[in-house]
Amino acid sequence: MKNKSPFFIIILFVGIIVLNSGYYTLTEGKQAIVTQFGKPVGKPITEAGLHFKMPILQKVRYVDKRIL
């Protein structure tokens, strides 16, 4: 039983990190561009709220809507 405890804690910690990096919030007045390996994926997201992305592979870049 003692051998399984550190393994379980490590798996839980990695799982929390992956789930935490899988979503982002967008505030009013901003839009987001999701990129994967530096290239945009899909259309820019303009609606405020909670949005999801693929953890680790995709990154979010925020742009102010007023400076277009």
So residue 53, is it open to solvent by less than 100 Å² (accessible area, probe 1.4 Å) and modelled with pLDDT of 90 or more: yes
Conditions (1) surrounded by fewer than 10 Cβ atoms within 10 Å (Cβ to Cβ); (2) aliphatic (A, V, I, L, M); (3) in contact with a strand residue (DSSP E or B) (Cβ under 9 Å, 6 or more places away or on another chain); number of the one not met by residue 63: (1)
Any hit, the range 38-48, residues being open to solvent by less than 60 Å² (accessible area, probe 1.4 Å), not in a loop (DSSP other than H, G, I, E, B) and not β-branched (Val, Ile, Thr): no
When residues of the range 1-37 are limited to those that are assigned to a loop (DSSP other than H, G, I, E, B) and not basic (Lys, Arg), the one most open to solvent (accessible area, probe 1.4 Å): 1
Pairs, first of a type in the set (Lys, Arg) in the range 14-31, second loosely packed, with under 10 Cβ neighbours inside 10 Å, C-beta under 8 Å, six or more apart: 30/64
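The values are calculated or read from the model by the stated rules, or taken from the named source; none is laboratory data. The structure displayed is predicted, hence computed values, not measured ones. Neighbour counts are summed over all protein chains in view; Cβ atoms, including those assigned to glycine, are modelled from backbone coordinates with ideal geometry. Each accessible area value is taken on the protein alone, full model and side chains, heavy atoms only, with ligands, DNA and RNA left out. Shrake-Rupley method; radii C 1.70, N 1.55, O 1.52, S 1.80 Å.
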